[in-house]
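Written out below as structure tokens is the structure these notes cover.
Bear in mind that the values in this text are calculations on the coordinates, not laboratory data. Predicted, not measured: the structure shown is a model, and the values here were computed from it.
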Amino acid sequence: MTLTETTFTDTTTDKNYPKTLVIRNTVGGMIWQIYHVEERIEAVKLSKCANNNGFYGITLEDYLPEEEQTWPDWRDNCDFIDKK
């Protein structure tokens, strides 16, 4: 898989970020994880990891600020995000 390929369904209505990545066990299934992403590359990499761990119902959605992130400090512990 290249970084231009995705393992999520993009349901967003515009190109503006942040967006919310919703990870479900299956399409339409129970929500397991929520991430607010600042760039598409974050969604690509997070969804690839989730897919490799058996999660297949992954959607990129318009920003849902009311949804609490599964791990709010995920960027601090993530080795593929550039720390600015």
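Just a few scattered comments:
- Remark: relative contact order (the stretch 9-68) = 49 percent; criterion is Cα-Cα distance under 8 angstrom and separation of 6 or more residues.
- The 3J(HN,Hα) values that the Karplus relation (6.51, -1.76, 1.60; θ = phi - 60°) gives for the stretch 65-75 are, in residue order, x, 6, 8, 7, 5, 4, 10, x, 9, 4, 5 Hz. Gly and Pro appear as x.
- Distant-in-sequence amide contacts of LEU64, defined by a placed amide H-H separation under 5 Å and a gap of 5 or more residues or a different chain, comprise THR20.
- Amide H contacts of TYR17 (H built 1.01 Å from N, under 5 Å, at least 5 apart or other chain): none
- Qualifying aspartates and glutamates (Cα of each under 19 Å from Cα of LYS15; at least 8 residues distant if same chain): GLU5, GLU38, GLU39, GLU42, GLU61, ASP62
- Adding -39500 (n - 2.57) for every DSSP H run of four residues or longer, then dividing by how many residues the chain holds, sets the calculated 222 nm ellipticity at -5000 deg cm²/dmol.
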